[in-house]
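The values are calculated or read from the model by the stated rules, or taken from the named source; none is laboratory data. Keep in mind that this is a model prediction, so the values were computed, not measured. Cβ atoms come from the backbone with ideal geometry, glycine included; neighbour counts cover every protein chain shown.
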Amino acid sequence: MDIKSDSVSEIEVLTRFIFSTSHFTRKDSRIKYAAFMPYKGKTSVFRTSNLSYREIWNIGEAVGDTSGRSLKARGDILAENVYEQDLKVEPSTSWHHLHADITGWPSERAKTKLIAMKLASKAKLILKSSDPQ
């Protein structure tokens, strides 16, 4: 699978890096909807199919370094789960060749929150401190 292509396949893994402990709960290993809420109409993700654990964490650490934030966890989700919500995944490679944005969010906050909740429920939480490297 060519993950550098302009279209994002349904079977690709997308990783949402999490920098705030308020965006997940350790107790029940759950991502909160806030982790997927869009900023300026988009949610930043990385296309991480076929990457090693270390390669994925290296990308997340680089993202944190550029914004002065400390990487806490990540949420891995299939692109299919995004498409099921009538959203799009658009490659946005100016900063990193594997970067993409989830776009097509509704303008109504209540609808956006509901979709973010659905994405969070489908995503797998992986804590940085517990991931085998």
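When the residues of the stretch 92-122 are filtered to those that are closer than 23 Å to residue 66 by Cβ and touching a Lys or Arg at 6+ places or on another chain (Cβ under 7 Å), the one that is surrounded by the most Cβ atoms within 10 Å (Cβ to Cβ) is 102.
Taking the conditions (1) modelled with pLDDT under 95; (2) touching a Leu at 6+ places or on another chain (Cβ under 6 Å); (3) within 16 Å of residue 6 (Cα to Cα) in turn, residue 47 satisfies each one other than (1).
Candidates in the stretch 59-84 are the residues that are over 15 Å from the mean Cα position of the chain (by Cα) and part of a loop (DSSP other than H, G, I, E, B); of these, the one that is surrounded by the fewest Cβ atoms within 10 Å (Cβ to Cβ) is 68.
Scanning the stretch 12-39 for residues that are modelled with pLDDT of 95 or more, within 20 Å of residue 69 (Cα to Cα), of a type outside the set (S, T, N, Q) and outside any strand (DSSP E or B) yields a total of 9. One residue alone among 46, 19 is within 13 Å of residue 125 (Cα to Cα) and either buried (at least 22 other Cβ atoms within 10 Å of the Cβ) or of a type in the set (Phe, Trp, Tyr) (or both), and that residue is 19.
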